[in-house]
1. Condition first: part of a strand (DSSP E or B) and either at positive phi or not β-branched (Val, Ile, Thr) (or both). Can you find one or more residues in the stretch 62-81 that meet it?
2. Could you figure out which of (1) within 16 Å of the chain's Cα centre (by Cα); (2) more than 21 Å from Tyr72 (Cβ to Cβ) isn't true of Thr162?
3. Where the second residue is among the basic types (Lys, Arg) and not in a loop (DSSP other than H, G, I, E, B) and the first is touching a residue at least 12 places away in the same chain (Cβ under 8 Å) and within 15 Å of Ile97 (Cα to Cα) and lies in the stretch 161-189, which pairs have Cβ atoms under 6 Å and are six or more apart or on separate chains?
4. Go through the stretch 178-203 residue by residue and tally those that are open to solvent by 30 Å² or more (accessible area, probe 1.4 Å), closer than 24 Å to Lys156 by Cβ, not hydrophobic (A, V, I, L, M, F, W, C) and not in a strand (DSSP E or B).
5. Mind listing just one residue for me: the one in the stretch 147-171 that is outside any helix (DSSP H, G or I) and among the hydrophobic types (A, V, I, L, M, F, W, C) and, of those, most open to solvent (accessible area, probe 1.4 Å)?
6. Restricting attention to the stretch 78-99, which residues are without any contact (Cβ under 8 Å) to a residue 40 or more places away in the chain and aliphatic (A, V, I, L, M)?
7. Could you run through the stretch 94-108 and say how many residues are open to solvent by 10 Å² or more (accessible area, probe 1.4 Å), among the hydrophobic types (A, V, I, L, M, F, W, C) and over 18 Å from the mean Cα position of the chain (by Cα)?
Amino acid sequence: MSRNNRILFAGDPHGDFQSLIDSAIANRPDAVVLLGDCDLERPLEHYLQKIIALTRIWWIPGNHDFDFPRRYHYLFNSELAEYGLHLKVHEIAGLRIAGLGGIFLGRIWYPPQKPRWKNKAHYLANQSGHIKKNGLSLKLKSAIWHDEVESLKRLKADILVTHEAPGCHEYGFRVIDDIAKAMGVKKIFHGHQHDSYYAKLPYDIEVFGVADRSVVDLSGRVYPVKTD
């Protein structure tokens, strides 16, 4: 299976999915993967109705998908909820793809600093009764937690998709490089920073930054963004 456009990766849509729709219709991929920050005002399937029957739609959450309860609901409770890749590995079009959504938050864990909490239960056990009763806020649900990353590192994958950038980016995190190395990953695709670029990490790990509202294939080829 050498067809590079059998999987397409979509940078932060921020509510505008037209470039992904156009690229999917033109290329008929086996799957598309959303790299976070959908910024939904309606359920995800509403935006992608034209391609739902055409391809399999996978996704990871970005930080803005936790900004408001409605955005969270329209993604995590959408008809496409089961195709969330966060902290999972799925075989997609013959490749094992792992997902890491969300962002690093200083009050939880901001590498290279040590994590402030062992896990979510440890955090909640040290909070006030109100927080214990109501659970994590949406903001903290967007956080990347150390123990979950350690569990992810024990899995194997060919590709890692993330919202945060790895260490090759000015605002990236080397811990993502470590995750990719541990998992045996050969390619990383990420959103969040709105940059389109190519880089290479040690161990021959290729990195593809995908700009907002942009689409790339497995080779990193950038598909034109439709503009008015």
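The values are calculated or read from the model by the stated rules, or taken from the named source; none is laboratory data. Model, not experiment: these values are computed from the prediction. When we count neighbours, we look across all protein chains shown, and the Cβ atoms used for this are built from the backbone with ideal geometry, even at glycine. Ligands, DNA and RNA are excluded from the accessible area calculation, which covers all protein heavy atoms including side chains. Shrake-Rupley method; radii C 1.70, N 1.55, O 1.52, S 1.80 Å.
1. So far as the stretch 62-81 goes, no, none of its residues is part of a strand (DSSP E or B) and either at positive phi or not β-branched (Val, Ile, Thr) (or both).
2. If we test Thr162 against (1) within 16 Å of the chain's Cα centre (by Cα); (2) more than 21 Å from Tyr72 (Cβ to Cβ), just (2) comes out false.
3. From residues that are touching a residue at least 12 places away in the same chain (Cβ under 8 Å) and within 15 Å of Ile97 (Cα to Cα), the pairs are Ile179/Lys153; Ala182/Lys153.
4. Residues flagged as open to solvent by 30 Å² or more (accessible area, probe 1.4 Å), closer than 24 Å to Lys156 by Cβ, not hydrophobic (A, V, I, L, M, F, W, C) and not in a strand (DSSP E or B) within the stretch 178-203 amount to 6.
5. Restricting to residues being outside any helix (DSSP H, G or I) and among the hydrophobic types (A, V, I, L, M, F, W, C), the top hit is Leu155.
6. Quick first cut of the stretch 78-99, residues without any contact (Cβ under 8 Å) to a residue 40 or more places away in the chain only: 78-84, 86, 88, 90-91.
Once the filter is applied, which keeps residues that are without any contact (Cβ under 8 Å) to a residue 40 or more places away in the chain and aliphatic (A, V, I, L, M), the stretch 78-99 yields Leu80, Ala81.
7. Of the residues in the stretch 94-108, 0 are open to solvent by 10 Å² or more (accessible area, probe 1.4 Å), among the hydrophobic types (A, V, I, L, M, F, W, C) and over 18 Å from the mean Cα position of the chain (by Cα).
One line per residue, one yes/no per condition, for (1) in contact (Cβ under 8 Å) with a residue 12 or more places away in the chain; (2) charged (D, E, K, R):
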{"site": "Asp37", "(1), (2)": "yes, yes"}
{"site": "Phe66", "(1), (2)": "yes, no"}
{"site": "His73", "(1), (2)": "no, no"}
{"site": "Phe76", "(1), (2)": "yes, no"}
{"site": "Gly101", "(1), (2)": "yes, no"}
